[in-house]
Amino acid sequence: MSPNFVGLGTTLVAASRRGGLAFRSRIRMGLAMAVTGCLLLGAASSVSNGGQPMNVLIIQTDEHNFRTLGCYRETLPIEEAEIWGNGAVVETPHIDSIAARGAICTSFYATSPVCTPSRAAFFTGRYPQNTGAYQNDRPLRGDMVTFAEVLRREGYATGYAGKWHLDGPGKPQWGPERQFGFTDNRFMFNRGHWKKFDFQDGQPIVAATNKNGQPSYDLAGADEKTFSTDWLCDRAADFIRENAAEPFCYHLSLPDPHGPNTVREPYDTMYEDMAVRPPMTFQLEGEQPGWLPTTNRNAEQRFNARLMTQYFGMVRCIDDNVGKLLALLEELSLTERTVVVFTSDHGDLCYEHGRLNKGNPYEGSAKVPMILAAPGFVPAGLRIDQAMGTVDFAPTLLSLLEKEVPDGTQGRNLSEWFRKQESGDEEPQGNSVTFLRAASSKAAWVAAVTDRYKLIVSAGDRPWLFDLKEDPHEITNHIGKPENQAIAARLAQSMLRYGDLMKDPQLTEGKLRDDLLNLQIRP
């Protein structure tokens, strides 16, 4: 087996949520890990609960700001949780219930915060630069083995509905020929953020068209049967019913809450009377990091409250549909033997730092939800604070299921973080490191991230160090502080090691590597 790149350690925090979802009692749990150990993952019998293999249901949204989920707001002080104003929140009880039954990861990051490379890392457990899909619309290499392919070979029924974004520029391109382990991919489409779907002659179609008859993002007439979120969730429900008697793995990829920020009734007006204001960093004066792509900087950006209320509506529609799927699992007596994952491919700044969308290492762009419930294997109410990335998902999931991780996997197997119910002494915070990278060489940057610190080197600026404890809104460069020299040097060393092991071309030579070498040898 191939070695996995392992962080320096971890700290787990288990939180019992008494009286609902509130984090009221927290128990510190420590787990020491090797500095650069090789994890050899042998094949084992299928994990089961009650003697039956565990099913897998993964719900992945697109461009989802983690602060719109109640379970994530519970982990934050109110000024960080309610950045769009006091009470300007979406209630998400069904997604929160997954966290209550399992684990919530508070420092989970998109390995590259753009659709294609983040998904490439998520499905393969390899860094994007080693998959062929290192930026949007680049196809995944045909020799990549996904977690779905591993499970298919093990006899799982596998399927996929929703946006794929790993087969090149095709749009919408239903049912790509290359399945990558998802046997039933009839409702997989390659690209687009369509709002209305239906059937025509038994085949899925985008049900809205423009004056030229081409698919459009219009949602006129969309209802609970044809709106994208509802329609795709119904396809997932159909698959679950049809395969309830055998182990299955289904991936539901929802195009929302990615723009266009529109949603069907009644969600389109559900939050229209809510007082929504710009985040405190929206028009922040002073120094701004130069590593941000210039195309993302818009001095004329105006805050549009309606865009946010529509975004909230999309999230609420997603939560209601998640509730329907959870109810179906319960109805079919599958709850106790189904691993349920809720996550996203990347975030959305939602006006933080005067920006929308993603593509940079700010928290709103790069940090994403990762919630995992696995009854009998992952203790309820577990909170994992240490840093992990989308590249770590595939090896971790397969190990939880006691499946062999494919050769060439580069992400870390972090399954023990999810399994642990007891531990010894608490480990220092910030020991686990995950690495993020730009999706384009034109705006090259690489980041090393812990649960507290974020070191960024880039082509267009000097190195930046964010201290997320002292500066949660990422306003100040903390790299010049004497007390931060050791952490900057450690992260620089980790990033150089990552660049060499994972063959990141941004760190082979040039300014980014020189910056890291200088940080490493600072007195």
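The values are calculated or read from the model by the stated rules, or taken from the named source; none is laboratory data. For clarity, every value in this text was computed on a predicted model and none was experimentally measured. Don't worry about glycine lacking a Cβ; one is built from the backbone with ideal geometry, like all the others, and counts go over all protein chains shown.
Restricting L292, L284 to those that are assigned to a loop (DSSP other than H, G, I, E, B), crowded, with 21+ Cβ neighbours inside 10 Å, among the aliphatic types (A, V, I, L, M) and at pLDDT below 95 reduces the list to L292. Please verify whether region 115-124 includes one or more residues that are touching a residue at least 12 places away in the same chain (Cβ under 8 Å), assigned to a loop (DSSP other than H, G, I, E, B) and touching a Gly at 6+ places or on another chain (Cβ under 9 Å). The answer is no; no qualifying residue exists.
Here A366 clears all of (1) closer than 26 Å to L512 by Cβ; (2) assigned by TED's automatic domain parsing to the domain that holds N261; (3) surrounded by fewer than 20 Cβ atoms within 10 Å (Cβ to Cβ) except the condition numbered (3). Within region 321-364, if we keep just the residues that are outside any loop (DSSP other than H, G, I, E, B), touching a helix residue (DSSP H, G or I) at 6+ places or on another chain (Cβ under 6 Å) and not aliphatic (A, V, I, L, M), the residue that is farthest from A99 (Cα to Cα) turns out to be E352. With Q129, Q135 as the choices, which residue is modelled with pLDDT under 95 and either more than 19 Å from M370 (Cβ to Cβ) or more than 16 Å from the chain's Cα centre (by Cα) (or both)? That would be Q135, the only listed residue that is modelled with pLDDT under 95 and either more than 19 Å from M370 (Cβ to Cβ) or more than 16 Å from the chain's Cα centre (by Cα) (or both). Residues in region 468-518 that are more than 22 Å from K367 (Cβ to Cβ) and hydroxyl-bearing (S, T, Y): T508 alone. Across region 434-453, which residue is farthest from the chain's Cα centre (by Cα) among those that are part of a loop (DSSP other than H, G, I, E, B) and within 20 Å of K511 (Cα to Cα)? Filtering region 434-453 for residues that are part of a loop (DSSP other than H, G, I, E, B) and within 20 Å of K511 (Cα to Cα), the one farthest from the chain's Cα centre (by Cα) comes out as A444. Considering region 56-71, the residues that are over 9 Å from the mean Cα position of the chain (by Cα) and more than 23 Å from V276 (Cα to Cα) include one that is surrounded by the most Cβ atoms within 10 Å (Cβ to Cβ), namely I59.
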